[in-house]
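What follows is a single structure, written as structure tokens, with notes after it.
The values are calculated or read from the model by the stated rules, or taken from the named source; none is laboratory data. Here the structure is a predicted model, which means the values were calculated and not measured. Here the Cβ positions follow ideal geometry from the backbone for every residue, glycine too, while neighbour counts run over all protein chains shown. The area values use the complete protein model at the heavy-atom level, side chains included, leaving out ligands, DNA and RNA. Shrake-Rupley method; radii C 1.70, N 1.55, O 1.52, S 1.80 Å.
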Amino acid sequence: MPTAIQLAEQFHISLVGEGSAVFRGLAPLEQAQADQISFLSNPLYRTQALDSAAGGLILSQSDYEFLNANSTSASSKRVYFVAKNPYATFARMAQYFAKASAREHMPGIHANAVIDPSAVIPDSCHIGPFVQIGSGVHLGERVVILGNVSIANGVVIGGDTTIHPAVSIYAQTQIGERCIIHSGAILGADGFGFAPDFSASGGEWVKIPQTGRVVIGNDVEIGASTTIDRGAMTDTTIGSGTKIDNQVQIAHNVIIGNCCVIAGCAAISGSTKIGNFCIIGGAANFAGHLTIADRTTVSGNTSIIRSITEPGQHFTGVYPSMLHAAWEKNAAILRGLDKIRQRLRLLDKNKATES
């Protein structure tokens, strides 16, 4: 188990207290014990932090000063990890403890896996039961492929990536390093592309071959049952550091920038380009062929039907979308519509009486 000083050095944070204190993991403020670490990122929970039995606490400088000035006998013995961003530090420390306690997947290939002889699989990889790997596949070091995963021809997967059970990865898909692909995700299926050919007597939807790829950067996480379609002639790309929730639909030729977060059930239509550091709420949807500026925030259930060119804006509304501040003003007016209607009726009644 790591000591306080080891954790402080690893995560580049300041330490106040006994550096030799040993910790076994993290826990919420109300449950943490003397050998566990908790975190405080909201000043509303300062009182709860004072009463917590946690032996270590991740917090900001201002929260530390408050707790230190109001310390109890229990909190005076506590170790403090003072960080500029306590929540992010908590997340990184949680990763550290989770990795230390997780059951390791031992290198090796399960006897029931079916692997083309041309596939390149380093000895450090773990290949689970009933995995299918096609020709020309290239895996990086320490890749983990769990049971019932299907990997088609020509797929490239970077080192330290984990593919959870029942994922389907279509031909020529490229996945970067340290990615996590959760169960049921489908990467590289055909985009929804058809050309209409109709006349008065009938016709058909003519399928457009989808010959592009899906290209995923490093440190990307893709949620369960999310689908990312291959491009029609160019690639569908997901930038490094982007995190995608469950049941998200990303259509063909979409480009998503670096370090975006996309919540569950969002849908992005074909050829839309999302900038870097964008935040997209659950069930938000985008029309096709749009360009979304960097650092745009889109609230849940919002429909975006036109491009957003100015960075850093926040949009809310089912239809049509508008700036978040404008939406709040309109929502306040909507709440008072009944009173406004009553006043208008009264004015009309008074005018009728006067006339």
(message) Give the lysines reachable from Lys349 as a straight Cα distance under 19 Å; neighbours fewer than 8 places away on the same chain don't count.
(response) Lys339
(message) For a quick check, take a GNM of the chain with Cα springs below 10 Å and name the residue from Gln247, Gln95, Gln342 with the largest mean-square fluctuation.
(response) Gln342
(request) Please work out the Cα center distance from region 41-63 to region 151-208, rounded to the nearest Å. (result) 46 Å
(request) Sort region 80-226 into rounded, prolate or oblate with this rule: let a ≥ b ≥ c be the square roots of the eigenvalues of the Cα gyration tensor; rounded if a/c is under 1.5, and if a/c is not under 1.5, prolate when a/b is larger than b/c, oblate otherwise. (result) oblate
(message) How many angstrom lie between the Cα centre of region 314-355 and the Cα centre of region 95-126?
(response) 61 Å
(message) Taking a cut-off of 14 Å, what percent of all Cα-Cα pairs in region 154-193 are separated by more than that?
(response) 47 percent
(request) First check a/c for the chain, with a ≥ b ≥ c the square roots of the eigenvalues of its C-alpha gyration tensor; if it is under 1.5, answer rounded, and if not, answer prolate when a/b is larger than b/c or oblate otherwise. (result) oblate
(request) Give the residue from Gly159, Val79, Val214 lying farthest towards the positive end of the charge dipole for the chain; charges sit on Cβ (+1 for Lys and Arg, -1 for Asp and Glu) and the dipole is referred to the Cα centre. (result) Val79
(request) Starting from the amide H of Gly108, placed 1.01 Å from N in the peptide plane, find each other amide H under 5 Å away whose residue is 5 or more places distant or on another chain. (result) Cys125, His126, Ile127
(message) Skipping prolines and chain starts, which residues have an amide H placed within reach, meaning under 5 Å, of the one on Ile58, given they are 5 or more residues away or on another chain?
(response) Ser38, Phe39, Leu40, Phe81
(message) Charges on Cβ only, +1 for Lys and Arg, -1 for Asp and Glu, centred on the Cα centroid of region 218-328; of Ala287, Asn301, Ala267, which one is farthest towards the dipole's positive end?
(response) Ala287
(message) Using the Karplus curve 6.51 cos²θ - 1.76 cosθ + 1.60 with θ = phi - 60°, what ³J(HN,Hα) values do you get for each residue of region 141-149, in whole Hz, with x for Gly and Pro?
(response) 5, 6, 5, 10, 10, 8, x, 6, 8
(message) If the only charges are +1 at each Lys and Arg Cβ and -1 at each Asp and Glu Cβ, what is the size of the charge dipole of the chain around the Cα centre, to the nearest 20 debye?
(response) 1180 debye
(request) Would you mind finding the longest exposed-site-free stretch of the chain, with exposed trypsin sites (Lys or Arg not before Pro) meaning DSSP loop and at most 12 other Cβ atoms within 10 Å? (result) 104-305
(message) With unit charges on the beta carbons (Lys and Arg positive, Asp and Glu negative) and the dipole taken about the Cα centre of the chain, which residue among Gly202, Thr242, Gly140 sits farthest to the positive side?
(response) Gly202
(message) Could you give the length gained by full extension between Arg341 and Val261, i.e. 0.36 nm per residue of separation minus their alpha carbon distance, to one decimal place?
(response) 24.6 nm
(message) What number comes out for accessible area per residue over the chain if the probe is 1.4 Å? Units Å², please.
(response) 53 Å²
(request) Measure off, as a whole percent, the carbon and sulfur share of the 1.4 Å-probe accessible area of region 217-310, all protein chains present. (result) 50 percent
(message) Nearest 500 deg cm²/dmol is fine: what mean residue ellipticity at 222 nm does the chain get from its DSSP H runs of n ≥ 4 alone, each adding -39,500 (n - 2.57), divided by its residue count?
(response) -6000 deg cm²/dmol
(request) Work out from phi, with θ = phi - 60° and the Karplus expression 6.51 cos²θ - 1.76 cosθ + 1.60, the ³J(HN,Hα) of each residue of region 232-241, listed in order in whole Hz, and give x for Gly and Pro. (result) 6, 10, 10, 8, 8, 10, 10, x, 4, x
(message) Give me a comma-separated list of calculated 3J(HN,Hα) values for region 82-93, in order, Karplus coefficients 6.51, -1.76, 1.60 applied at θ = phi - 60°, integers in Hz, x for any Gly or Pro.
(response) 8, 10, 5, 10, x, 5, 5, 5, 4, 4, 5, 5
(request) Have a look at Phe198, Phe286, Phe315 and tell me which one the Gaussian network model of the chain (Cα, springs below 10 Å) gives the largest fluctuation. (result) Phe198
